[in-house]
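Peer 1: Questions regarding the structure given below will be posed in turn.
The values are calculated or read from the model by the stated rules, or taken from the named source; none is laboratory data. Model, not experiment: these values are computed from the prediction. Cβ coordinates were reconstructed from backbone atoms using ideal geometry, including for glycine residues, and neighbour counts include every protein chain displayed. With ligands, DNA and RNA removed, areas are computed over all heavy atoms of the protein, side chains included. Shrake-Rupley method; radii C 1.70, N 1.55, O 1.52, S 1.80 Å.
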Amino acid sequence: MKNLYASEGPIRIGVSSCLLGEQVRFDGGHKRSDFLTDTLGRFVEFVPVCPEMEIGLGVPRESIRLVRDSNGDSAIRLVGNKTGLDHTGKMNAYAERRTTALGREDLSGYVLKKDSPSCGMERVRVYGASGMATRDGAGLFASALMQRYPSLPVEEEGRLNDPHLRENFVERVFAYRRLTSFFSARWTLGGLVQFHTVHKLVLMAHSPKAYSELGRFVANAKHLGREEVRDDYEPAFMDALKQLATTARHTNVLQHMLGYLREHLDATARSEMVSLIDDYRHGLVPLIVPITLFRHYVREFDISYLRGQVYLEPHPKELMLRNHV
Ligand code: SF4
């Protein structure tokens, strides 16, 4: 199978610096993530960013938190825990500049440190006037990043401990890379049809609804302006992949693929495949097991439609992400 995830240049991922082991936390510590440094790091290039260091807070520094303004509006401020020093203006101005600059870094994803008032993606504590906190905030830098690049795959390191979320994030990173590489070159409608076609089974596994809608969109694209095509296809494609591919949907895709193999397999091989799909559906074997056999048959019988499908290898197999879903 063509190596669809390998494209020109390294895949670059933005990351909260402390997750790479840099001692930039308020107390001089770090929050190194072994998955990022030892596993994913073998396939990508990281672009580390520590917003609190970059606005000049230094190490060690006073810890900071988000507070909700008590003056009636719902503005969120970033203040020192003890001194109450207000860093909001500085952080917001920095986030505006830094996220603009990150646009030139060719990022295909971003991993943020959870719970941080600067980097947290969601459920960050926001303190009210009473001192009670609600977990409904996002770090100021993280908010600016996600607002500016809504299609960029973003995840928190804590959630990456879940094998399903981890597989989903890495799949989105590689998909985003293919998508942005495609649209940044001199693309044609024929090329878009091809791009869409090789991602059909991926889309089906994530969202049958988006699979149908995007299929109709691509078929109708010749009536639209090029800019409109790109501006609509990109977010719809990335949103579809955000939806977790469930066991039921994977099972559906596997059965769909089996349809392409039927005429090539004898009764024994067919029933072996059916029972493997069933074992996967019942949680007895991970997804990689039926996929490996499919890959074998697709190669052996040279089934061109399936051979091109990204679904069979959406990310480097050395990451072994499908051994755990
Ligand atoms: S969470 Fe963000 S701001 Fe805090 S130390 Fe890590 S990179 Fe720096």
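Peer 1: Give me the 1.4 Å probe accessible area per residue for the stretch 163-325, excluding ligands and nucleic acids, in Å².
Peer 2: 47
Peer 1: Sticking with this structure for a sec: Starting from the exponent 0.38 and prefactor 2.2 Å, build the expected Rg for the chain from its residue count and divide its actual Cα Rg by it.
Peer 2: 1.13
Peer 1: Looking at the square roots a ≥ b ≥ c of the eigenvalues of the Cα gyration tensor of the stretch 229-325, which shape do they give, rounded for a/c under 1.5, prolate if a/b is larger than b/c, or oblate?
Peer 2: Prolate is the answer for the stretch 229-325, as a/c is 1.5 or above and a/b outweighs b/c.
Peer 1: Right, something else. Keeping all protein chains in place, calculate the accessible area per residue for the stretch 1-139 (probe 1.4 angstrom), answer in Å².
Peer 2: On a per-residue basis, 50 Å².
Peer 1: Work out the charge dipole of the chain with +1 on the Cβ of Lys and Arg and -1 on the Cβ of Asp and Glu about the Cα centre, then indicate which of GLY109, PRO208, PHE141 is farthest towards its positive end.
Peer 2: My answer, from the dipole projection, is PHE141.
Peer 1: Choose one of GLY58, GLN243, VAL253: the residue whose Cα lies farthest towards the positive end of the charge dipole of the chain (beta-carbon charges +1 Lys, Arg; -1 Asp, Glu; about the Cα centre).
Peer 2: Farthest along the dipole direction, towards plus: GLY58.
Peer 1: Quick one: divide the alpha-carbon radius of gyration of the stretch 163-325 by 2.2 N^0.38 Å and tell me what you get.
Peer 2: Cα Rg divided by the expected 2.2 N^0.38 Å: 1.07.
Peer 1: Given a cut-off of 28 Å, name the pairs among LYS114/LYS209; LYS114/LYS200; LYS31/LYS90; LYS242/LYS317 whose C-alpha atoms lie farther apart than that in the structure shown.
Peer 2: LYS114/LYS209; LYS114/LYS200
Peer 1: Given a 1.4 angstrom probe, I'd like the percentage of the accessible area of the stretch 163-325 that is carbon and sulfur, rounded to a whole number.
Peer 2: About 52 percent, which is the carbon plus sulfur part of the accessible surface.
Peer 1: Let's test this: bin the Cα-Cα distances of the stretch 11-161 at 5 Å from zero up to the farthest pair and state each bin's percent.
Peer 2: 2, 9, 19, 23, 21, 14, 7, 3, 1, 0
Peer 1: Give the long-range amide H neighbours of ARG123: residues separated by 5 or more places, or on another chain, with amide H under 5 Å away, using H modelled in the peptide plane at 1.01 Å from N.
Peer 2: Amide H to amide H, under 5 Å and 5 or more residues apart or across chains, ARG123 pairs with GLY137.
Peer 1: Same structure again: Under unit Cβ charges (Lys, Arg +1; Asp, Glu -1), what dipole magnitude, rounded to 20 debye, does the chain have relative to its Cα centre?
Peer 2: Result for the chain is approximately 200 debye, rounded to the nearest 20.
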